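One structure below.
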2 protein chains.
Amino acid sequence: MKKEIPYKIYLEENELPKQWLNLRAFMKNKPAPLLDPVTMQPITLDALSNVFCTELAKQELDDTTPYIDVPQEIRDFYKMYRPAPLIRAYCLEKTLGTPAKIYYKFEGNNTSGSHKLNSAIAQAYYAKEQGLKGVTTETGAGQWGTALSMACSYFGLDCKVFMVKCSYEQKPFRREVMRTYGANVTPSPSTTTAVGRKILEEFPGTSGSLGCAISEAVETAANLDGYRYALGSVLNQVLLHQSVIGLESKTALDKYGVTPDIIIGCAGGGSNLGGLIAPFMAEQLQGKAHYQFIAVEPASCPTLTRGKYAYDYCDTGKVCPLSKMYTLGSGFIPAASHSGGLRYHGMTSTLSQLYDDGLMEARAVEQTKVFEAAEYFARVEGILPAPESSHAIRVAIDEAMKCKETGEEKTILFGLTGTGYFDMVAYEKFHDGKMNDYVPTDEELAKGLAGLPNVE
Amino acid sequence: MKKEIPYKIYLEENELPKQWLNLRAFMKNKPAPLLDPVTMQPITLDALSNVFCTELAKQELDDTTPYIDVPQEIRDFYKMYRPAPLIRAYCLEKTLGTPAKIYYKFEGNNTSGSHKLNSAIAQAYYAKEQGLKGVTTETGAGQWGTALSMACSYFGLDCKVFMVKCSYEQKPFRREVMRTYGANVTPSPSTTTAVGRKILEEFPGTSGSLGCAISEAVETAANLDGYRYALGSVLNQVLLHQSVIGLESKTALDKYGVTPDIIIGCAGGGSNLGGLIAPFMAEQLQGKAHYQFIAVEPASCPTLTRGKYAYDYCDTGKVCPLSKMYTLGSGFIPAASHSGGLRYHGMTSTLSQLYDDGLMEARAVEQTKVFEAAEYFARVEGILPAPESSHAIRVAIDEAMKCKETGEEKTILFGLTGTGYFDMVAYEKFHDGKMNDYVPTDEELAKGLAGLPNVE
């Protein structure tokens, strides 16, 4: 007999993953290697170690080790806010009147408000281990910057954050949270870096983008002794750390004999989705199971659904290594939206390869539809979701409603990556009917793609 | 052998309290009865039922039933966000270098951001059961208003919130969260009520107070068909519902054979503290145990430490029943502070009686000291606390440091009532050294106390 499933499944502390899962090790078609922006050849560990801590550079390049130990100090930090609950959306199922069973992994129960802390603490730990003074980074919605500030504060490291200007202006309180954790926050593009000044000259009045902020953070780290750069998404290392999301979800579901049919996540750079699907996709790649994976992106920044699979720069200033990925071009600056965390021109190479291999689907959704789902969910499930996370809610509801039509009792798992406490300006616009549903035209996309580097 | 204590103790769903604990039933010296503001006689159930739902009025007057069943519908809602974790503050202990063992019950893991939801859902449930259309209420810091909005949305009730003007202005996003849950929010004092207009005439430019907002909400409910008033603190019914905090805490500690020596909570109207101490105080009143209880209040609104134990109005407009309580006088308007939830002139009658009987201590702390503790805690324990909650943190740290001096291994339990995501203006002032540590003079307090009604 199956055990009755509670509203919230919490694992025990000793069930916390002891190893991260390195999804690339399970892939037959490996993601293409990063290229050195100077030589245009696969980047070496040495070159990459100038950008990232050495241990993180190693993780970045490792596509063969299937499991990597989580150091005890990181596990101790995880214990402060993990395991994150896996929630059975009983109320949502009931109000939708769907026969589908809906579960979501909630990563918002920590002060950074999102899953970003899972990788932030790992990156800060390795920086500390290497004896560094501090790290630099960029932040879009502010969740990653907050997470890294918390992690650096915990290990006594300095933290310099370049915050995408439109988020900086929309979310004044985010800066104050980072300051509470001792971080230094600069709106990007700024005049403190050469690349920032160049971008401001070319695009005066720009509201910024993750791509710009990355360039500024990388330049700043390179110019300071004892600093390295840290990035909250896109990278292989980040997907590795984020595998705790999927590993915990799977352990929790396995306990109750539940197997999801559909797994849904929002996708900006891909860190949350990559982490959520990791153990499930690994099973599927080994022929042990089959799942339907859906990546959800904003229609305003449709990387997977309308981008191109090609080598591209990860940043606007072209100082970072190149990655083969679905991209809209590093020069593409998406319309200001309220999902700052999803305004990135590219997609992590692992998910790009899986998508190109037909192992994953993608959907693009418009902002108003996303906020409709967000508000509905907030009222029914009692959690105020981040706009980013609400992309996954939108499609989870859509899939559940399809089940209502067909009568299928599918099991849906989605990632609820974070909370929307700092997104009330966005909710206000939604309430006032002032949401911007701008979708880029084919011509605008062609312009971004025309700037792709010419790499085999 | 004792079990190793995890960072977070989560109870199972079936360990959620099935009954609330009615602390008054255990008291030999009962709190004095509420008085009808018209007759100045103990208020009848009939009269009280004009203000509150009948079932809640019954709970308000019941000082003999020790345990009261939690209706299944409320338990189902509790399951969405409870049990709340009891956290062992390992990191705090370590950085303080104290031999004390510190635990805190964290009530902030829900969208309202505080413990207030525990009573909000109960009050909304009974309103729904009675077939009402909606409820009116006041809110100070905004946590109670958010909680009641969420609860009303869940049961499909209308919710009208009067928000203390200084909070309304300091926390624009709070209003938007309430709006997300469909509530109607008015800054108080307002011109929509007779009592609001009167107060504005007497004190033009006032930043408002909980006492004013209560009067406006009560008047509005009285003038509308199918509405009753709901209150988030001070009342006996609220303490009853909040007993889930203490009951869960005690169950969690008992599992690991832990007995606290000191129990600490912040105290505004007293709902959190009353709920936290309920089962422990009940034991003590039965002679089964002994604990040190400490109420922490802001020095700017020192109800217990500098107030008077007397009958007083619960609201500025004097339309509510009178309660015998520690009070600064219903006309006392405290200096604007960043702990809106603690700016109330009185203290729930149960805690007032216990304090008067010497069963509980009280401490008043100044704002800067509170924020120092808040920031320290945020960095070390990874949770950004609400200013209100940080009063308890302040004294918990003080007590832990005393243990460091004496070498005593005391066990400290405190209530972390909520998160500070909507309090970043306050944190900003703290960072900028612009905190206001105003403490009322004896003359100012005497003025407030001079207005106490003349009741035996």
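What the table below lists for this structure:
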item: Accessible area in square angstrom per residue, the stretch A:249-291, 1.4 angstrom probe; result: 28
item: Accessible-area value, B:E219, 1.4 Å probe, nucleic acids and ligands omitted, Å²; result: 40
item: Across the identical copies, how the B:A222 labels are spaced - nm, sorted shortest first, 7 Å along Cα→Cβ; result: 7.2
item: Three semi-axes of the equivalent ellipsoid, the stretch B:168-258, Cα gyration tensor, whole Å, largest first; result: 34, 16, 14
item: Carbon plus sulfur fraction of accessible area for the protein assembly as shown, probe 1.4 Å, in percent; result: 49
item: Loop-resident sites, the stretch B:361-450, for chymotrypsin sites (Phe, Trp or Tyr not before Pro), counting at most 16 other Cβ within 10 Å (DSSP); result: B:Y438
item: For the pair B and A, total buried accessible area rounded to nearest 100 Å², probe 1.4 Å; result: 4000
item: Exam field: A:K308 pseudo-label spacings to other copies (7 Å along Cα-Cβ), nanometres; result: 8.2
item: Cα gyration tensor shape for the stretch A:381-440, rounded if a/c is under 1.5, else prolate or oblate; result: prolate
item: Burial ranking of peptide ranges A:248-254, B:120-126, B:321-327 (average Cβ count within 10 Å, highest at the top); result: B:120-126, B:321-327, A:248-254
item: Rounded accessible area of B:K198 (nearest 10 Å², 1.4 Å probe); result: 130
item: Antiparallel DSSP beta bridges within the stretch B:33-188, percent to nearest 5; result: 25
item: Listed peptides A:154-162, B:256-264 by packing density, highest first (mean Cβ within 10 Å); result: A:154-162, B:256-264
item: Burial ranking of peptide ranges B:344-352, B:103-111 (average Cβ count within 10 Å, highest at the top); result: B:344-352, B:103-111
item: Shape of the stretch B:32-185, Cα gyration tensor, a/c cut at 1.5; result: prolate
item: Between 0 and 90°, nearest 10: helix A:117-129 axis offset from chain A longest Cα axis; result: 40
item: Cα lying deepest toward the dipole's positive end in the protein assembly as shown, options A:P6, A:P187, A:T316, charges on Cβ; result: A:P6
item: Protein-protein interface of the stretch A:156-188, residues with accessible area decrease of at least 50 Å², isolated chain reference, 1.4 Å probe; result: A:F173, A:E176, A:R179, A:T180, A:Y181
item: Degrees separating the helix B:271-285 axis from the principal Cα axis of chain B, which is the longest one; result: 60
item: Net charge dipole size for the stretch B:305-456 [Lys, Arg +1 and Asp, Glu -1 on Cβ; Debye, nearest 20]; result: 220
item: Charge dipole (the stretch B:285-406, unit charges on Cβ, about Cα centre) - positive-most of B:Y376, B:P387, B:T305; result: B:T305
item: Partner chain coverage, peptide A:392-401 - average Cβ within 10 angstrom; result: 0
item: Translational diffusion coefficient (Stokes-Einstein; Kirkwood radius from C-alpha pairs) of the stretch A:409-456 at 20 °C, 1.002 mPa s, in µm²/s; result: 140
item: Rg ratio (alpha-carbon, reference 2.2 N^0.38 Å) - the stretch A:304-389; result: 1.27
item: Hydrodynamic radius by Kirkwood, which averages 1/r over all alpha carbon pairs of the stretch B:235-303, in angstrom; result: 12.6
item: Antiparallel bridge percentage (DSSP; both residues within the protein assembly as shown; nearest 5); result: 35
item: Cα-derived Rg to Rh of the stretch B:292-349, Kirkwood definition; result: 0.96
item: Probe 1.4 Å, all protein chains present, accessible-area order of B:R179, B:R88, largest first; result: B:R179, B:R88
item: Contact order relative to length of the stretch A:62-132, as percent, for alpha carbon pairs under 8 angstrom and 6 or more apart; result: 28
item: Copy-to-copy label separations for A:D46, where each label sits 7 Å from Cα toward Cβ, in nm and ascending; result: 9.5
item: Simple Cβ-charge dipole of the stretch A:160-246, Lys/Arg +1 and Asp/Glu -1, about Cα centre, in debye nearest 20; result: 220
item: Shielding by partners, peptide B:148-155 (average Cβ within 10 angstrom, other chains); result: 2
item: Three-way shape label, the stretch A:7-92, alpha-carbon gyration tensor, a/c 1.5; result: prolate
item: In degrees, nearest ten, helix B:143-155 long axis to first principal axis of chain B (Cα); result: 80
item: Dimensions (Å) - the protein assembly as shown, Cα atoms, principal axes, largest first; result: 92, 64, 60
item: Share, in percent, of DSSP beta bridges within the stretch A:227-331 that are antiparallel, nearest 5; result: 55
item: Of every Cα-Cα pair in the stretch B:95-236, the percent that sits beyond 28 Å; result: 21
item: Accessible area expressed per residue, the stretch A:88-198, with surrounding protein chains retained (probe 1.4 Å, Å²); result: 26
item: For chain A, Kirkwood radius (reciprocal of mean inverse C-alpha pair distance, Å); result: 21.6
item: Dipole moment magnitude, nearest 20 debye, chain B about Cα centre, only Lys, Arg, Asp, Glu C-beta charged; result: 600
item: Mean separation of Cα contacts under 8 Å, 6 or more apart, over the residue count of chain B: relative contact order %; result: 20
item: Shielding by partners, peptide B:4-14 (average Cβ within 10 angstrom, other chains); result: 4
item: C-alpha center-to-center spacing [the stretch A:216-288, the stretch A:378-456] in angstrom; result: 19
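The values are calculated or read from the model by the stated rules, or taken from the named source; none is laboratory data. Only a predicted model underlies this, so the values are computations on that prediction, with no experimental measurement involved. Heads up, the Cβs are rebuilt from the backbone with ideal geometry, glycines too, and the neighbour counts pull from every protein chain shown. Side chains are part of the model used for accessible areas, which takes the heavy atoms of the whole protein and leaves out ligands, DNA and RNA. Shrake-Rupley method; radii C 1.70, N 1.55, O 1.52, S 1.80 Å.
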